[in-house]
């Protein structure tokens with residue numbers, strides 16, 4: 001800005017002399033006074049020309065949105081939602097399948113204990129008879145015994161068409177996982193299987209009794225789980241046939 005400064009020593013409004021007077025030092029004009037800054041107007045910051053393609057905001061790196069982007073965004077959102085729905089359906093199906101399997105397993109009755117009295121064939125599958133010293137734990141359904149002693153731990157097994165005094169007509173085995181039920185429960189089980197034993201009409205030819213054998217607490221601990229029902233003659237080896245089908 002060019003400041004026009006008037007000569008403070010010249011008050012004459014007429015023409016001033018352009019050359020110094022003789023013997024007088026030249027008049028040096030005083031320096032221009034510095035305008036106070038407080039009186040200067042505050043100018044607003046320069047506004048970038050939006051029409052200038054070279055004038056861009058370097059702090060904004062995001063490109064301007066395109067016309068096709070909203071549709072692509074909606075498509076992506078829909079795809080994610082569909083995936084979540086399918087995942088939820090799969091999870092529900094898997095949980096239903098597992099619950100159904102557990103329910104079937106829970107409703108399935110436990111495996112029944114083995115009762116050999118309902119076997120289709122009650123005849124023993126032993127080899128050549130007679131056999132001596134057969135262990136009581138190895139008695140088979142249908143075995144016939146000579147001189148039978150229900151308290152003995154072994155007996156002589158003979159053919160049922162020869163004279164014998166007893167026959168094994170029913171067998172029940174408790175599950176291995178069961179705990180010892182006690183003498184009373186074992187006695188009741190023995191009576192039950194004797195009553196359910198299917199006998200032939202030949203029993204009418206003899207005077208017979210029913211006897212039971214069941215494990216003690218000691219033999220139970222050793223793995224004995226069987227309850228036996230015998231039909232015995234009142235005296236001697238008088239039975240000459242099998243008494244079960």
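Worth pointing out:
- Selection count, the range 210-220, where residues are more than 15 Å from residue 139 (Cα to Cα) and either without any contact (Cβ under 8 Å) to a residue 40 or more places away in the chain or touching a strand residue (DSSP E or B) at 6+ places or on another chain (Cβ under 9 Å) (or both): 5
- Matching residues, the range 221-241, being touching a strand residue (DSSP E or B) at 6+ places or on another chain (Cβ under 7 Å) and either free of Cβ contacts under 8 Å to residues at least 12 places away in the same chain or surrounded by 13 or more Cβ atoms within 10 Å (Cβ to Cβ) (or both): 225, 226, 227, 228, 229, 230, 231, 232, 233, 237, 239
- Test: residue 153 is in contact with a helix residue (DSSP H, G or I) (Cβ under 6 Å, 6 or more places away or on another chain) and surrounded by fewer than 16 Cβ atoms within 10 Å (Cβ to Cβ): yes
- Test: residue in the range 165-182 that is within 23 Å of residue 245 (Cβ to Cβ), more than 48 Å from the chain's Cα centre (by Cα) and free of Cβ contacts under 8 Å to residues at least 40 places away in the same chain: no
- The range 128-149, subset part of a strand (DSSP E or B) and over 14 Å from residue 160 (Cβ atoms), residue farthest from the chain's Cα centre (by Cα): 132
- Residues that are in contact (Cβ under 8 Å) with a residue 12 or more places away in the chain and either within 52 Å of the chain's Cα centre (by Cα) or in a loop (DSSP other than H, G, I, E, B) (or both) within the range 150-164 comprise 150, 152, 153, 154, 159, 160, 161, 162, 163, listed in sequence order.
Bear in mind that the values in this text are calculations on the coordinates, not laboratory data. The shown structure was predicted, so the numbers you read here are calculated from the model rather than taken from an experiment. Heads up, the Cβs are rebuilt from the backbone with ideal geometry, glycines too, and the neighbour counts pull from every protein chain shown.
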